[in-house]
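To keep things clear, I will list the structure first and then write my remarks on it.
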Protein chains: 2
Amino acid sequence: MGMETHKTEDRHQSEYLYRPDILQKLDFNKSPAVFNPRISTVNPGADWMVVRPLQRGDFDKGFLQLLSQLTSTGSITRKQFDERFTQMKISGGHYVTVIEDKRSSKIIAAATLTVEQKFIHNCSLRGRLEDVVVNDTYRGKQLGKLIVVTVSLLAQELGCYKMSLDCKDKLIKFYESLGYKLEPGNSNAMNMRFEEDPS
Amino acid sequence: MGMETHKTEDRHQSEYLYRPDILQKLDFNKSPAVFNPRISTVNPGADWMVVRPLQRGDFDKGFLQLLSQLTSTGSITRKQFDERFTQMKISGGHYVTVIEDKRSSKIIAAATLTVEQKFIHNCSLRGRLEDVVVNDTYRGKQLGKLIVVTVSLLAQELGCYKMSLDCKDKLIKFYESLGYKLEPGNSNAMNMRFEEDPS
């Protein structure tokens, strides 16, 4: 019984948010990004790194701590993480993708592709790049480029007609080098932030 | 049997993409938008107009023809429309909202709220405004403002921490009047468009 439970838990922790095999199909020759040395999703540059979908067990691999380098995450419990993971999986369209350092069992980079369903353009799909973050201590390994190109090619593989992102001024050149463009007269990202309801 | 089939079809055609009652709760006092005269989701300004979620039967009410005023829709069959409607409903997170002219049974305005699930900000939600369109012949009735404020308040009602949109330069002032802001140094919308796979 104890062993049975343990096995179940192992399987649970390795549960993927989305099918990992789709990442094996990505053709880096389709991306205008220049890698030096050449790396890809399947060959990320070192045998101790792996690029893969988020797993349920990444709660214990520092995924949320990595995200907190990007913005406020709040204090998310295991239960909240599990529920969000399950909701994302049921809904589909949420492709949270990570790079793990297998030596330390830590998540060192992450990016999310979300896919919106449309009626326009023949009931098409539109991808969005979200929440890109790389651990500061892993600079110089092209991991930012690698994770962004991975989810961008994933959007194309899934049939999106375009992929969009919002970014700060200082990141424009980076994203241009990966094939993203500012469209003249049509490149404004606006936001409305909602106040907390005091009730 | 014939009548039974007819009834079933009627119900089918009136099927909503999402629960319509949530639109009754929206508090227009929460929006900085100024309406003159004052209208709202519940009181859109004339008894022949109704603001509601997309229905399956809107295929026959000119919904796709309205969208084609915005951008290319291609030639979408009833089967394709039905399938997309069903997929959106199963996934959740796709709040296509319309205004119908009940005199002519035509859709005269539409806007979509999509809701992304996040881990950041305490497993929050982020709204996106998409595919806003108003029939040209219904100008001067504040319908653009009405449909955008409706889905913006809907995002807040659903618990989104922010709502985002991409727009053309000429629409910045309009969206600013509704509470949207360009954030200095962080308001760039970039796109990558994928070529058709020739295979």
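The values are calculated or read from the model by the stated rules, or taken from the named source; none is laboratory data. In this text the structure is predicted, and so the values were computed from the model without any measurement. Backbone-built Cβ (ideal geometry, glycine too); neighbour counts: all protein chains shown.
Going through (1) within 25 Å of B:Phe59 (Cα to Cα); (2) crowded, with 23+ Cβ neighbours inside 10 Å; (3) not β-branched (Val, Ile, Thr) one by one, B:Met190 falls short only on (1). Within the set of pairs 6+ apart or on separate chains, which have a first residue in the range A:18-40 that is over 29 Å from A:Phe85 (Cβ atoms), a second that is assigned to a loop (DSSP other than H, G, I, E, B) and among the polar types (S, T, N, Q), and C-beta atoms under 7 Å apart? Taking only residues 6 or more apart or on different chains, the pairs are A:Phe35/A:Gln142. Cβ separations smaller than 7 Å between residues 6+ apart or across chains give the following pairs from the range B:102-131 residues that are without any contact (Cβ under 8 Å) to a residue 12 or more places away in the chain to residues that are polar (S, T, N, Q) and in a helix (DSSP H, G or I): B:Cys123/A:Gln80. Among the residues of the range B:136-195, those identified as touching a residue at least 40 places away in the same chain (Cβ under 8 Å), closer than 30 Å to B:Cys123 by Cβ and of a type in the set (Ser, Thr, Tyr) are B:Thr150, B:Ser152, B:Tyr161. Here A:Gln13 meets each of (1) at pLDDT below 95; (2) within 30 Å of A:Glu176 (Cα to Cα) with one exception, condition (2).
Does the range B:24-33 contain at least one residue that is surrounded by fewer than 15 Cβ atoms within 10 Å (Cβ to Cβ) and among the aromatic types (Phe, Trp, Tyr)? Walk me through it before giving the result.
Quick first cut of the range B:24-33, residues surrounded by fewer than 15 Cβ atoms within 10 Å (Cβ to Cβ) only: B:24-25, B:27, B:29, B:32.
Adding the requirement that they be among the aromatic types (Phe, Trp, Tyr) leaves none.
For the range B:24-33, residues surrounded by fewer than 15 Cβ atoms within 10 Å (Cβ to Cβ) and among the aromatic types (Phe, Trp, Tyr): absent.
Counting the residues of the range A:160-199 that are more than 9 Å from every other protein chain (Cβ to nearest Cβ), within 22 Å of the chain's Cα centre (by Cα) and among the small types (Gly, Ala, Ser) gives 1. Restricting to the range A:155-171, give me the number of residues that are surrounded by 23 or more Cβ atoms within 10 Å (Cβ to Cβ) and either part of a helix (DSSP H, G or I) or modelled with pLDDT under 95 (or both). So the answer is 1. Among the residues of the range B:91-106, the ones that are surrounded by 23 or more Cβ atoms within 10 Å (Cβ to Cβ) and in contact with a Gly (Cβ under 8 Å, 6 or more places away or on another chain) come to 1 in all.
Evaluated against (1) surrounded by 18 or more Cβ atoms within 10 Å (Cβ to Cβ); (2) not in a strand (DSSP E or B), B:Val51 falls short on exactly one condition, (2). In the range A:72-82, the residue that is farthest from A:Asn135 (Cα to Cα) out of those that are surrounded by 12 or more Cβ atoms within 10 Å (Cβ to Cβ) and at pLDDT below 95 is A:Gly74.
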